[in-house]
Structure formats: structure tokens, C-alpha cells
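Let me begin by presenting the structure, written as C-alpha cells, before commenting on it.
The values are calculated or read from the model by the stated rules, or taken from the named source; none is laboratory data. For clarity, every value in this text was computed on a predicted model and none was experimentally measured. Note: ideal-geometry Cβ built from the backbone for every residue, glycine included; neighbour counts use all protein chains shown.
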Amino acid sequence: MAVTVLNPATEQPIAQLEQAGVEETDAAVARAREALPAWRRVAPADRARLLRRLATLVEEHAEELARIESENVGKPISGARGEVGMVAQVFHFYAGAVDKHHGDTIPVAGGVAATFREPLGVVGLIVPWNFPLNIASWKVGPALACGNTIVLKPAELTPLSTVRLAELALEAGIPEGVFNVLVGKGSVVGARLIEHPDVAKIGFTGSTEVGQTVMSGAAGTIKRVTLELGGKSANVIFADADLERAAAAAPYAVFDNAGQDCCARSRILVQKEAYDRFLEHLVAATAGVKVGDPTDESTEMGPLISAAHRETVAGYVEDVPKLFEGEAPGGSGFWFPCTLVEATNDDRVAREEVFGPVAAVIPFEDEADAIRIANDTPYGLSGSIWTRDGARALRVVRALDTGVLSVNSNSSVRVSTPFGGFKQSGFGRELGMNALDGYSEVKSVFISTEG
Ligand code: NAD
């Protein structure tokens, strides 16, 4: 059966693609398995060269890829360009990492102990619709660098950019069968990858709910899993912070990608003594977010991904008094305005991942109160701390149960630094050298020097 892909900004169809079923999934896994022995034998410098060529091809096709992503996800073209730039950087980084991820020699009695990093085999990669190409590259880069072959399943709503990436991989000279993309349903293709005995690992990014399915399904074959799941991160603003700077940045930490961001700082915690002053700046900054046509160079926020998702997001704020509600286009497109609500940390809007442009503003008393509220969530992905007191910043950083933090900044994703969650935001790390550990096994060998 074919799937129709829509542009969320216009609701117009932009592509029709055949969906894979179980049979096609099995065939892709078989292709990946066949390609594995030759791919793991490729000399490190040659594997690095192929990844470097893929990075260069992504750069050469940057505008095309950005337009595909912008049209399919509804994200502003300027943001899509930035994301494609990161995809190229990811492949450059892992090209450089191929021969820098190595084993150890360990002093032991009677000989030498050494470790080797071996590829896992065929890995299944399942990715969401919010950053389709970016998140795919975070998995594809380290997986290929370690000598694995891949079957990648993009989200049903946003398959176009990863289908194109697989074509570029072939053009780069990465052999047939090494990098396979399957367009299809999570419940069919994803589920088959999870149970397939020839798939060694699932690298998954998506909701905590589906993450639970991945984890329990993987138990049947003791598959390795990396889970990058949901978040409900806190942006903690102390009264001694540069309030204007913190307030100017805060909207973009929630409303970027229309709030469809696992790292969204969707709980804005503000110290009571600075609450009114901060709020004044926050409302002004939120009113300045430019919402509209994603093809316009100056647009900062586009629509939500689908009609169904817009309904879910609306459900969080229907009967809730708003501190502020911005403007959004009418007519076609799954638009939703930037919305600020005051909340306690027990309110539904503060507990669940809304995954839309809705921020819950929550007052707090002091440092201990801020830490308690920030940690009072099942999630632990990212977060920010704004203060001029360096010692306090470090105390709070250490006290928060979250994987990725920023101080006096809201940026948490970098090519060379580890990314991933605590608690129900998942486990395993992507990006940086850490990601390579998730795509390799450590083999320990003892070589006797006696006799
Ligand atoms: P989702 O969990 O619905 O889907 C993610 C992927 O899983 C899709 O490809 C989908 O087809 C597949 N899938 C669905 N059901 C499946 C099943 N039964 N078996 C196997 N695969 C299945 O998530 P989504 O709605 O696409 O994305 C939004 C979620 O992703 C949010 O919760 C968000 O926080 C999370 N996310 C996390 C990160 C991170 O790095 N931590 C990054 C981006 C998004």
C-alpha cells in the first residue's frame, strides 16, 4: 500500500511512496547481512574516506536536502539549513573517528591482555518525524564508522530526506546493501526489526511509550538498544541571572521546531522575586517569534506536523487561562500559536510532554525548591540554569537528574559532545565519541607470553 506524504504548512500531498511490509523488511535485513563481511573488512582509512565523501555530498546537496526537510516537516527553511549543516558535520566527525576508537592493552600476569572493538552486525535504526535527517545521521554516522550495516526506518510522516540520504550514500561509494532505508509503519517494519534474529541492535529515537515496546521486544533476542525518548526539561531562571538575556532566549528553547523537540525547555522555572520582571520580558520576546510560511527566510516557527497532533497539543491548554497567546496563520496548515501558561508542577501541562509550542511557567522560592521541582518528573533529558553565581550553577548542574545541561544558554546538542537522557528519557549516548560505544562490542583477548 502506498503512503501519501503531506506538507504540514499547506496540507497538500508532496509524494506517494510504497510502504514496505514484513517481507521487504526481511529482504533488507538479508541484504544488510550479506554486505556485512566485506564492509567490516574495509580498511579504516577507506571507511573514513567513504564517510567523508558522504559528508561532502550532503554539503553539495545542502539546499536540496533543506528544502525536502522544510517541506516535509513544515520547519522554517533557515532552521532546516542549519540541521543539514549539522548532518554533514556528523559524517565528517565520524569519518575522523573511525581510526580513533580503539582498544586497550592491559597489564596482566603471564602475557598481554588486549581489547578490540568489533561491530555489532546488522543494526536497525528507528527515527521520529521531528528531526528526521539529523537524528538519522546521529545513528548512521557511528554505526557505519564501527563497521555495522544498517536498516533505517524513518517515521511514516517524514520519509523523504532519509530516502535521499541513502541515494547519496550509494553515490559516495558506500557499497550496496550497507545502508538500507525502509519506508513503512512502525507497527510493521519497526516491529519486525525489533524481533528479527539477525538484527543485533535497535537504535531508537521516539516516544517513551514506543521505547517501552522496543525494550520489551528486544528482550526476545537480547538485542542491544539505545533509547532516546521524551523529555520535559526545566529552564531554571534564578533572580540573579541576566533576566533580559534569559527571557530573550527562553521562547526559542520551547518554540523552535514548533515545540516538537525532545529537548524543549517547556517548564520555565522562575525565582519568585524576579517573576514579574522576567515575565514582562518573556511575553515581549514570545510576541516577537515570527510564525508563518516555512519557505520565508525570516520565519522562526512553522506549523505542527499533523492535524491529529494539533488536536493533542490543543487538548493541553483548552480550559487553561493563558499568560500569553501569539498569532498563527489561519486557513490550510496545522498551525498553533506560541502559548504561555502559568502552572504548578502538578498540572498536566507541566507533567506530560506536550510536544507543541506551549510553555508552563512555574514560580519557585529558592535553590532547593528549584532543584526539587526540576527533578520532579519521570523524564531527564536536558535543561538550563541561568545565574551569575558560578558556584550555584555547578551545584545545580550536579543536583539535576538529567543528561544534557547548559548554563546561561539553552543549547544542548553538539556534534562532538554526548547526548542522551537519564530516567525515562532513555539510555545510551549519541554524538561525540560516546556514540561509538553503542555501536560496537568490546572483545577482550589474553595472549600468553610463556613457553
Ligand atoms: P513515536 O515513538 O511515535 O515514533 C518513533 C518511531 O517509532 C517512528 O519511526 C515510528 O514509526 C516507530 N514506531 C512506532 N510504533 C512502533 C512499534 N510498535 N515498533 C517499532 N517502531 C515503532 O515518536 P514520534 O511521534 O515520531 O516522535 C516524537 C517523540 O520522539 C517524542 O516523545 C520526542 O520526545 C521523542 N524524541 C526524542 C528525542 C531524543 O533524542 N531523546 C529526539 C527527538 C524526538
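Things worth noting here:
- When Ala360, Ala308, Ala350 are checked against the criterion of being part of a helix (DSSP H, G or I) and within 23 Å of Ala284 (Cα to Cα), a single residue qualifies: Ala350.
- Cross-chain or 6+ apart pairs with Cβ under 7 Å, segment 375-390 first and within 21 Å of Ala248 (Cα to Cα), then modelled with pLDDT under 95: Ser382/Ser412
- Of all residues in segment 112-131, one or more are away from the ligand (no atom under 12 Å from the Cβ) and more than 24 Å from Ala48 (Cα to Cα).
- Against the list (1) of a type outside the set (A, V, I, L, M, F, W, C); (2) more than 16 Å from the ligand (Cβ to nearest atom); (3) part of a loop (DSSP other than H, G, I, E, B), the condition Ser444 fails is (3).
- Search result, residues across segment 373-426 that are away from the ligand (no atom under 12 Å from the Cβ) and of a type in the set (S, T, N, Q): Asn375, Thr377, Ser384, Thr387, Ser406, Asn408, Ser409, Asn410, Ser411, Ser416, Thr417
- One residue from Ala169, Ala200 being closer than 26 Å to Arg67 by Cα and at pLDDT 95 or above: Ala169
- Residue within segment 277-289 that is within 16 Å of the ligand (Cβ to nearest atom) and in a helix (DSSP H, G or I) present: no
- Counting only helices (runs of 4 or more DSSP H) that sit completely within segment 155-268, those holding 1 or more residues that are away from the ligand (no atom under 15 Å from the Cβ) correspond to 160-172, 243-255.
- Here segment 6-56 is the region considered, the condition is being part of a helix (DSSP H, G or I) and touching a Pro at 6+ places or on another chain (Cβ under 7 Å), and the residue that is surrounded by the most Cβ atoms within 10 Å (Cβ to Cβ) is Trp39.
- Gly103 in a loop (DSSP other than H, G, I, E, B), closer than 22 Å to Asp46 by Cα, over 21 Å from the mean Cα position of the chain (by Cα) and in contact (Cβ under 8 Å) with a residue 24 or more places away in the chain: yes
- Each residue in segment 1-56 was checked for being in contact with a strand residue (DSSP E or B) (Cβ under 7 Å, 6 or more places away or on another chain), at pLDDT 95 or above and among the β-branched types (Val, Ile, Thr), and 4 pass.
- Enumeration of residues in segment 341-387 that are aromatic (Phe, Trp, Tyr) and within 18 Å of Cys262 (Cα to Cα): Phe355, Tyr379
- For Ile385: the one exception among (1) surrounded by fewer than 24 Cβ atoms within 10 Å (Cβ to Cβ); (2) of a type in the set (Val, Ile, Thr); (3) in a strand (DSSP E or B): (1)
- Every pair of residues 6+ apart whose Cβ atoms lie under 6 Å, when the first sits in segment 130-148 and is farther than 16 Å from Cys262 by Cα and of a type outside the set (Phe, Trp, Tyr) while the second is in a loop (DSSP other than H, G, I, E, B) and within 13 Å of the ligand (Cβ to nearest atom): none
- Options Leu152, Leu160, Leu168: the member that is under 18 Å from the mean Cα position of the chain (by Cα) and surrounded by fewer than 24 Cβ atoms within 10 Å (Cβ to Cβ): Leu160
- Unique match (being closer than 21 Å to Val140 by Cα, buried (at least 22 other Cβ atoms within 10 Å of the Cβ) and of a type in the set (D, E, K, R)) among Glu64, Glu118, Glu69, Glu59: Glu69
- Flag if Glu342 is in contact (Cβ under 8 Å) with a residue 24 or more places away in the chain and either within 16 Å of the ligand (Cβ to nearest atom) or on the phi < 0 side of the Ramachandran plot (or both): no
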